[in-house]
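Just below is one structure, and these are the notes that go with it.
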Amino acid sequence: MNKRHNMIPIAKPYLTKKEVEAARKVILSGWVAQGPKVQEFEKALAKYVGAKYACAVSNCTTALHLALLAVGVKSGDSVITVSHSFIATANCITYCGAQPVFVDIDLKTFNMSSGELQRCLEQKHKRFKAILVVHQMGMPCDLKGILLLARKYKIPVIEDAACALGSEISLNGKTWKKIGKPHGDIACFSFHPRKLITTGEGGMLTTKHAQYDKIFRLLRHQGMSVSDLARHQSKKIMIEKYPVIGFNYRLTDIQAAIGLEQLKKLPAILRKRRRLARIYQRELKNISWLQCPEQPKYARSNWQSFAVRILKSAPLGRNQLMRYLLKKGISTRPGIMNSHQEKAYARKARAVFSLKNSKLARDSVILLPLFTTMKDQEMKTVIKALKNV
Ligand SMILES: *Cc1c(COP(=O)(O)O)cnc(C)c1O
């Protein structure tokens, strides 16, 4: 018996013939690298989130790298962020030769605590070049509190919105805006298959600052002064210049064509995920040893993941519970890890204060299956298994 076929997966990208057809057209067009489709995808994404500029790159890690370089992060600088994130968040700071300084999270949202950020900033002897916040698993962080502090100390804010496409935030308690509008200085998105929409690999930077957008475009293309598209469309010969050292962080037109189709599906994907999350919240709220995620008043999550905390009173430990669910045909994953607890950061990690919530979250969270094509029957299976523990 092949059990894997009956397993309920943790996540599943929502790709159909539409994406196949879009990619096929680009392949047959003869222009497959960064070109007109990338430009079209950028415009569509900028429009969707309401941002002035959007620049496509090869993935969100490279987007974060360019964002930090654009605000001037250099070797020897310090950047405030969270340890409790996918390790790419810390890695991109390290790529700049800078030092990540970790602050603790709020256990309700798994996002940076603005109180802890304040404590960190009040350490007068230290200058910070940027604040890199994460909207963890699609849940918007306390941007209002964080921006207030950032403006007071005049530090740019970069948002790791890898998981947060379609998530919304209200800074004034009245109107809702999409993450990436942007509210900070730069927001970075991912199109990895574990996020809401995918291009295989892919990323995007949004900003309202023209000068940042210019830097992204220069650096993603080897620091070259003209794009391939501009050269192709030009009637005259064009000799490029290389004013700075850049990278090859380009997205391809094949990926962008897939992204355009995925973007059209995003409103339906969001509706479905929000409905599934409501069902989990309603059905699991009476399990005393399990804590469901809750949206703060200012946040509307896209539910990239549904992360529940297993409390000490649970009849099974976290890992035992994961094994029990696996036997019932249900895939789960541990929650987010902490960079400072990984060997890669054993000697690089620096935290001003304790990271006790980060540690607790790492060891007590599991992610439940949640994906766009999830059936009601599959949802019932997960809920029943949890109720019967
Ligand atoms: C997925 C993810 C990234 C990295 O995105 P890639 O596109 O895979 O490079 C960065 N930060 C967070 C919080 C993520 O979840």
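The values are calculated or read from the model by the stated rules, or taken from the named source; none is laboratory data. Treat the numbers as computed from the prediction; the structure is a model and nothing was measured. We place every Cβ from the backbone using ideal geometry, glycine too, and count neighbours over all the protein chains shown.
Observations
- Residue that is in contact with a Leu (Cβ under 9 Å, 6 or more places away or on another chain), surrounded by fewer than 19 Cβ atoms within 10 Å (Cβ to Cβ) and not aromatic (Phe, Trp, Tyr), where the choices are Ala44, Ala56, Ala51: Ala44
- Residue within the stretch 54-65 that is over 26 Å from Asp228 (Cβ atoms), in contact (Cβ under 8 Å) with a residue 60 or more places away in the chain, of a type outside the set (Lys, Arg) and not in a helix (DSSP H, G or I) present: no
- Residue among Ala164, Ala130, Ala150 that alone is of a type outside the set (S, T, N, Q) and touching a Gly at 6+ places or on another chain (Cβ under 6 Å): Ala164
- Qualifying residue in the stretch 1-11 (condition: under 30 Å from Lys208 (Cβ atoms) and modelled with pLDDT of 95 or more): no
- Flag for Cys141 being within 19 Å of Phe41 (Cα to Cα) and either surrounded by 20 or more Cβ atoms within 10 Å (Cβ to Cβ) or without any contact (Cβ under 8 Å) to a residue 12 or more places away in the chain (or both): no
- Subset of the stretch 66-79 [free of Cβ contacts under 8 Å to residues at least 60 places away in the same chain and surrounded by 23 or more Cβ atoms within 10 Å (Cβ to Cβ)]: Val73, Val79
- Enumerated helices (runs of 4 or more DSSP H) restricted to the stretch 300-389, each holding at least 3 residues that are more than 20 Å from Arg273 (Cα to Cα): 318-327, 356-364
- All of Met224, Met238 fail the test of being surrounded by fewer than 17 Cβ atoms within 10 Å (Cβ to Cβ), of a type outside the set (Ser, Thr, Tyr) and more than 19 Å from the chain's Cα centre (by Cα), apart from Met238.
- Residue match in the stretch 268-279 (condition: within 16 Å of the ligand (Cβ to nearest atom) and under 25 Å from Asp160 (Cβ atoms)): yes
- Filter pass, Arg231 being among the basic types (Lys, Arg), more than 30 Å from Val20 (Cα to Cα) and not in a loop (DSSP other than H, G, I, E, B): no
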